[in-house]
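Laboratory data are not the source of any read-out in this text; all were calculated from the coordinates shown. Being a predicted model, the structure only gives us computed values, none of them experimental. All Cβ positions, glycine included, derive from the backbone under ideal geometry; neighbour counts span all protein chains shown.
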Amino acid sequence: MRVAPKEVETFRDDFTYSNSPEAIKRFPFPFPEDEYRYSVNMEPHTPKGGEGSAYEHFLDIDEHYLSEMAERKLVLDEMPHRCLAMEHMELACWDMLERLMTSLAQDYSDYFKLTIEGDQWTWENKLLNIHDTFTFGDSSTLPQSPLEYIGCQVQGDFALLDQRDGDLFLDAGMITCPADWSLAFDAGMSFKEWHGPVPMAHNEGIFERALKYLTAMQVGSPIRRLNWTLTVNARMDTSPETYHEWGHERTSVTPENVGEKVYLRVEMQVMDRMPRSNALMFIIRTYLISLEDLATNPEWARRMHRTMKTLPAPLIEYKGLSRYHSMVVDYLAQFDPAN
Amino acid sequence: MSNQIKVEVASICQVAPTIREFTLEAIDDALYPFSPGAHVVVEMPNKKKVYKNAYSLLSDPTDTQRYRIAVRLQDASRGGSIYMHEQVKVGDQLLISPPSNLFSPLWHAKKHVMLAGGVGVTPFMSYIPEMIRRDADFELHYMYRSLQTGAYKHELSEQLGDKYFDYDSDRQTRCDVTALLSQQPLGTHIYICGPDSLIQAVEEAAQTLGLPASVIHSEEFAAPKPGMPFVAEIKSTGQQVDVSAEDSLLEALEASDISIPNLCRGGVCGQCVCTVVEGEIDHRDQYLSDEEKAAGNTIMPCVSRAAGERLVLDI
Amino acid sequence: MELESLSVVVSKPMYTAEISDGPCAYSLFICEQLNTAFSDLYEASLADKKDLIHSADLARIEGDLAALLANAPAATRVYLLGTEKYIWLVGQQLKALGVTEEQMEMLPPLSAERSVFCCHCYQVTDQVFTAPARCVGCGKLLAVTDHFAKAHGAYFGYQVNAEDATDIPASVELS
Ligand code: HEM
Ligand code: FES
């Protein structure tokens, strides 16, 4: 059984966000080994884990759907420029809208319905009470830009990369819950440029190989990879834009509260080739779980202890964990019998 | 590959003495829309060897009911074109890959100059409708031998008017590439699809004149290099695994219940690495370093193959 | 967000004083301040046609470029000298007119100063020689990283003491 969307919870202020036991069970745990190093961890985005798993469908709609859509609206109301599309990305935005609508309607027919009659499209989203008819390809027939319209109905952040001369360029996106990077600053950059600050991986040729793979990707064969970091409190919007509001939370971790205050933040990143524009769509679907909840699975807790304990110093620093990393390791040690 | 699309040959017509056009229609689902410059890989079932050739799509990118491709009859070394010309009949079914595109126009260009040699006009057939829709500044320079090629020349000439230039080497008209390039304004991008000699001539002229290499584009296909069948022997058990031309070594091992850790299945992640104790390797991955490749004792079976008839794997 | 102590950031541009002087039909020299090396370079250019723009005024340059490049040939080469922000912002104008990065020869910036993009208010603070630096837009004290955006001609900056208001690192000179 798939978990149904529940009432709106918050990712700020009083932080009422919580995971049900089912959500904990289906959490996409990111560590395949006891040591974590950067690697080209990309694989075909094909279903695994069976019914209800986070990997069951192309897009994962889960119990946090309404909460995440409400949070996204708060971010965009305050900072509309967190969503941008350069002029030449218009067609890619329509490609994306089509891909998301058709897959939602197919995989979640109880919630979403798409009716296509020539270029007249009718879209129904029962979760958000949306029912619109528009002309495919004509932005003036939608209440918002195609990127914003569909982006506000799907969990996860979105980037659209223009492919030119064997490279990818960050020319459009809706980034409301990033792990500390700014679309406004990175807009227009190439694959290696926007990855500029990442330590270690450049020298190991990781980005070169990943880029070769991405530029050769075909329509209809999406791929995925997992990325992770730690976040203090269940805050979705850990953007640089708001860093001055949440940075201080990193000093609020204590040995007593670390289990409930520190969250493992996992991004399931899905990459998919867009047919009309040849752009690449990049979905960053973020999952949050408190260490306390994670530790209800002894295997995860043990593994996580080992990965945290052996995390290279440049990664600790880059991911912004320096102030509380040792408390995380100490907390998790109790779940590792080897200790 | 599992994501192939089954199509039916709806019509065939001769568009030049050595060029045939095939219209391929969807059988099960609608076809993908595609971007100008895209190609598909057509798989031709044959008794001995499966041919896989890449062909540019020349239909209008928005038509999802049918794709059109044009095939030039080549000499025997490229068996696929002979097969397409001699074996394929209307009503036959073929397997094609989804479209991919490594030859997209750069839409921010101030002007587009397309240089087509013979059957190399095909990718531009999908550029042109979109360039017209976008009201882009462009020219098509079409070089052919009227005794063999020159497909679509009349309709192109009629449709494009003074944007169209043709050169028929069977009538001694030739294109002076250097003169052509030296007339181009700043912001022009040049696209070439044709024989290597044409690509080379343009690249050399560009270099001599001082045009940046990044404005010169020539067509590339993402088609898998053709593979020959070979045998993989498992050292620990002596088991012999036949690897057909269509399957990767990894797929063939999996089909024989030998599981190899893997992730990307595309030669970049490094998960599937295997040790080779005997046999030459045809390395096709992006993962191993040049030194590792030269050492010749490791292989990425998701993409790489035997260079000869046999490989012995240390598993 | 403690980026500054990390090794090389790939987006930080590198410059060499070695100018590649290939063939071209038109060469354009643009500088914020004219020095003898640059005017020698201009004098020595063998292009069929050449021009020199000496101006610090980006709006004026934009107008000049539109006029000069309207009929320029594909084989154009542009030489740029100025502060780092200047050469990249002129570079953006050139790009919009069809000049590729390959056609731009950027000389090493005239000084070590940086422009810094504040990720909180999106304002760019110029003439930054030391870090942390005060943002001209929102007044926050910014850490200055090596992550560079060509579109802004500026480095990424973020509030240095957002985690602990009292934790302000000693001022360092930028290079
Ligand atoms: C094509 C779409 C992609 C986009 C838009 C994207 C974007 C980003 C961005 C904006 C960052 C943050 C950089 C910063 O600190 O400012 C990042 C980090 C990173 N990216 Fe990507 N990325 C993409 C694909 C990939 C792929 C295919 C890989 C595969 C290896 C990869 C590996 C990484 C790694 C290792 C990091 C560091 C993450 C961390 O430690 O938290 N990225 N990416
Ligand atoms: S499976 Fe990734 S390199 Fe073979």
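Using amide H atoms built in the peptide plane, which far-off residues or other-chain residues are under 5 Å from B:Asp282 H to H?
Close amide H contacts, sequence-distant or interchain: B:Arg305, B:Ala306, B:Ala307.
With all pairs of different alpha carbon atoms counted, what Kirkwood hydrodynamic radius in Å does chain B show?
21.7 Å
Put one equal scatterer on each alpha carbon of region A:21-333, apply the Debye formula with no solvent term, and list log10 I(q)/I(0) at q = 0.08, 0.13 1/Å to two decimals.
So the normalised log intensities are -0.36, -0.99.
Give the residue list of GluC sites (Glu not before Pro) in region C:25-121 that are DSSP loop and have at most 16 other beta-carbon atoms within 10 angstrom.
Sparse-neighbourhood loop GluC sites (Glu not before Pro): C:Glu113.
I'd like the FRET efficiency for B:Glu8 and C:Ser20, computed as 1/(1 + (r/R0)^6) with the beta carbon distance as r and R0 of 51 Å, rounded to 0.05.
0.40
Dipole of the protein assembly as shown, Cα-centred, from +1 at each Lys and Arg C-beta and -1 at each Asp and Glu C-beta, to the nearest 20 debye?
1100 debye
Over the alpha carbons of chain C, what is the largest minus smallest coordinate on each principal axis, giving the biggest first in Å?
61, 29, 25
What does the net charge come to around A:Val258 if you take all other residues with beta carbon closer than 14 Å to its beta carbon, with K and R at +1 and D and E at -1? Present the calculation step by step, with values, prior to reporting the outcome.
Numbers: positive: A:Arg250, A:Lys261, A:Arg323; negative: A:Glu249, A:Glu256, A:Glu260, A:Glu292, A:Asp293, A:Asp330.
Local net charge: -3.
Can you pull the Rg over Rh of region A:115-266, Cα-only, Kirkwood?
Answer for region A:115-266: 1.03.
With the dipole of region C:26-106 worked out from charges on the C-beta (+1 for Lys and Arg, -1 for Asp and Glu) around the Cα centre, which of C:Trp88, C:Gly63, C:Ser39 lies farthest toward the positive end?
C:Gly63
Dipole magnitude of chain A about its Cα centre, charges +1 at Lys/Arg Cβ and -1 at Asp/Glu Cβ only, in debye to the nearest 20? Please list the in-between numbers first.
Numbers: 32 positive and 54 negative charges, 190 e Å.
Rounded to the nearest 20 debye, it is 920 debye.
For chain A, take the longest principal axis of its alpha carbons; what is the angle in degrees between that and the long axis of helix A:298-309, to the nearest 10 within 0 to 90?
Compared with the principal axis, the helix lies near 80 degrees.
Please name which of B:Gln240, A:Gln144, A:Met96 has its Cα lying farthest along the dipole of the protein assembly as shown towards the positive end, using unit charges on Cβ (Lys, Arg +1; Asp, Glu -1) and the Cα centre as origin.
B:Gln240
Can you compute 3J(HN,Hα) from phi for each residue in region B:174-191, using the Karplus curve 6.51 cos²θ - 1.76 cosθ + 1.60 with θ = phi - 60°, rounded to whole Hz and x for Gly and Pro?
Whole-Hz 3J(HN,Hα) from phi for region B:174-191: 10, 9, 8, 4, 4, 4, 4, 5, 5, 7, 7, x, 3, x, 7, 10, 10, 10.
Scattering from the C-alpha atoms of the protein assembly as shown alone, worked out with Debye: what is log10 I(q)/I(0) at q = 0.05, 0.07, 0.11 1/Å?
-0.31, -0.62, -1.50
Would you list A:Lys48, C:Lys95 from fewest to most Cβ contacts within 10 Å?
A:Lys48, C:Lys95
Once amide H atoms are placed 1.01 Å from N in the peptide plane, what residues at a sequence separation of 5 or more from B:Val15, or on another chain, have their amide H within under 5 Å of its amide H?
Amide H neighbours of B:Val15, under 5 Å, 5+ apart: B:Arg20, B:Glu21.
With θ set to phi - 60° and the Karplus curve 6.51 cos²θ - 1.76 cosθ + 1.60, what are the ³J(HN,Hα) couplings of region A:16-23 in order, to the nearest whole Hz, using x for Gly and Pro?
Once rounded to whole Hz, the list reads 8, 3, 8, 9, 6, x, 5, 5.
Between beta-carbons, use under 13 Å as the cut-off and find the net charge around A:Glu35, counting Lys and Arg +1, Asp and Glu -1.
So the surrounding residues net to +2.
Could you point to the residue in C:Tyr155, B:Val268, B:Ser146 farthest towards the positive end of the protein assembly as shown's charge dipole, with +1 and -1 charges on the Cβ of Lys/Arg and Asp/Glu respectively?
Ranked along the dipole, the leading option is B:Ser146.
Return the loop-located GluC sites (Glu not before Pro) in region A:38-72 (DSSP other than H, G, I, E, B) with at most 10 other Cβ atoms within 10 Å of their own Cβ; answer none if there are none.
In loop regions of region A:38-72 (DSSP not H, G, I, E or B), the sparsely surrounded GluC sites (Glu not before Pro) are A:Glu51.
Kirkwood hydrodynamic radius for region B:111-219: how many Å is it when counted over pairs of different Cα atoms?
14.0 Å
Using the Karplus curve 6.51 cos²θ - 1.76 cosθ + 1.60 with θ = phi - 60°, what ³J(HN,Hα) values do you get for each residue of region B:156-164, in whole Hz, with x for Gly and Pro?
5, 4, 5, 5, 9, x, 7, 8, 10
Rg to Rh for region C:114-173: what is it, with Cα atoms only and Rh by Kirkwood?
Values: Rg = 10.6 Å, Rh = 11.2 Å.
When Rh is taken as the Kirkwood radius, the ratio is 0.94.
Among bridges DSSP assigns within the protein assembly as shown, what percent are antiparallel (round to 5)?
70 percent
Specify the inter-centroid distance of region A:167-229 and region A:136-155, based on alpha-carbon positions, in whole Å.
24 Å
Take A:Tyr55 and B:Arg310, extend 7 Å from each Cα along the Cα→Cβ direction, and tell me the distance between the two endpoints in nm.
The two pseudo-label positions are separated by 3.8 nm.
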